1. Within region 161-170, how many residues turn out to be buried (at least 23 other Cβ atoms within 10 Å of the Cβ) and either charged (D, E, K, R) or not in a strand (DSSP E or B) (or both)?
2. So VAL19 ticks every box in (1) assigned to a helix (DSSP H, G or I); (2) buried (at least 21 other Cβ atoms within 10 Å of the Cβ); (3) of a type in the set (Val, Ile, Thr) but one. Which box is left unticked?
3. Only one of (1) modelled with pLDDT under 95; (2) under 22 Å from ILE79 (Cβ atoms) is not met by CYS134, so which one is it?
4. What pairs can you find where one residue is in region 113-139 and buried (at least 16 other Cβ atoms within 10 Å of the Cβ) and in a strand (DSSP E or B), the other is modelled with pLDDT under 95 and hydroxyl-bearing (Ser, Thr, Tyr), and their Cβ atoms are less than 6 Å apart, with a gap of 6+ or different chains?
5. Got at least one residue in region 140-152 being assigned to a strand (DSSP E or B) and either out of contact with any Cys (no Cβ under 8 Å at 6 or more places or on another chain) or of a type in the set (Gly, Ala, Ser) (or both)?
6. Quick one: is CYS37 in contact with a strand residue (DSSP E or B) (Cβ under 6 Å, 6 or more places away or on another chain) and either in a loop (DSSP other than H, G, I, E, B) or closer than 24 Å to GLU196 by Cα (or both)?
7. I'd like to know if region 189-196 contains one or more residues that are over 16 Å from the mean Cα position of the chain (by Cα) and over 14 Å from LEU29 (Cα atoms).
8. Run down ALA208, ALA177 and say which single residue is surrounded by fewer than 16 Cβ atoms within 10 Å (Cβ to Cβ) and touching a residue at least 12 places away in the same chain (Cβ under 8 Å).
Amino acid sequence: MAQYTRLEVATTMKDTGMVPLFFHSDIELCKKVLKACYDGGARLLEFTSRGDFAHEIFGELNKYAIKKLPGMILGVGSITDAGAASTYMLLGANFVVTPVLREDIAIACNRRKVLWSAGCGSLTEIAKAEELGCEIVKLFPGDIYGPKFVKGIKGPQPWTNIMPTGGVSPDEENLKAWFDAGVTCVGMGSQLIGKEILANQDFDTLEARVKEALATIKKVR
């Protein structure tokens, strides 16, 4: 069962402005990454469900977060059907992120009052997601659409909360362009948690990178 309400999750997304994205099959490595993000000031992390037995890794990682990292909100991404969403919610997922808009996932998450964020690529999809109760829409892939797309959406729909994923980097120029366009928060994966950090297990650098990205977001808002 989720430890945080969907309103608490949405508020934390809006307040911090960033959701790190990460997957690895090594649970101990996952714990170190999660702690480095936490120590850097992040209070959310999206565990992307992309490998065999990923749900088992998530379950252990969420137990670790609950026990050792107070206030850390762990959710799941890359969910493509209601069955997978339900499995992760049974393991305590606090939010569910999808690459596509699917009504069955919306129904499953709404039934449990868990925040879900649908991957959308058009104003029609965004409007449909909001009709289904989506609080923060995922713009995916973000690098294809860019900040100009966000600005265009916010014109007729200023109430829409958008989280681009893909094409977001921690440098100031990139973040300023997104937040100037009106995004609510950003999702950041390999640009934040790079392969070299994982290969070298350089978690001090990851912590510093997270801290710097959050400070930059606060500056450009």
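1. From region 161-170, those buried (at least 23 other Cβ atoms within 10 Å of the Cβ) are 162-165, 168; that's our starting set.
Restricting the remaining residues to those that are either charged (D, E, K, R) or not in a strand (DSSP E or B) (or both) gives 168.
Number satisfying all stated conditions: 1.
2. Just one mismatch for VAL19, condition (1).
3. Among (1) modelled with pLDDT under 95; (2) under 22 Å from ILE79 (Cβ atoms), CYS134 violates only (1).
4. From residues that are buried (at least 16 other Cβ atoms within 10 Å of the Cβ) and in a strand (DSSP E or B), there are no pairs.
5. Here is the first cut: in region 140-152, the residues assigned to a strand (DSSP E or B) are none.
So far as region 140-152 goes, no, none of its residues is assigned to a strand (DSSP E or B) and either out of contact with any Cys (no Cβ under 8 Å at 6 or more places or on another chain) or of a type in the set (Gly, Ala, Ser) (or both).
6. Numbers: in contact with a strand residue (DSSP E or B) (Cβ under 6 Å, 6 or more places away or on another chain): yes; either in a loop (DSSP other than H, G, I, E, B) or closer than 24 Å to GLU196 by Cα (or both): yes.
Yes; evaluated as a whole, the condition is true for this residue.
7. Start the filter on region 189-196 by keeping residues that are over 16 Å from the mean Cα position of the chain (by Cα), which leaves 194-196.
Pick out the ones that are also over 14 Å from LEU29 (Cα atoms) and you get none.
Looking through region 189-196, none of the residues is over 16 Å from the mean Cα position of the chain (by Cα) and over 14 Å from LEU29 (Cα atoms).
8. Working: ALA177 fails: surrounded by fewer than 16 Cβ atoms within 10 Å (Cβ to Cβ).
Only one candidate qualifies: ALA208.
The values are calculated or read from the model by the stated rules, or taken from the named source; none is laboratory data. All figures in this text were calculated on a predicted structure; none of them were measured in a lab. Glycine gets a Cβ as well: all are built from the backbone with ideal geometry, and neighbour counts include every protein chain shown.
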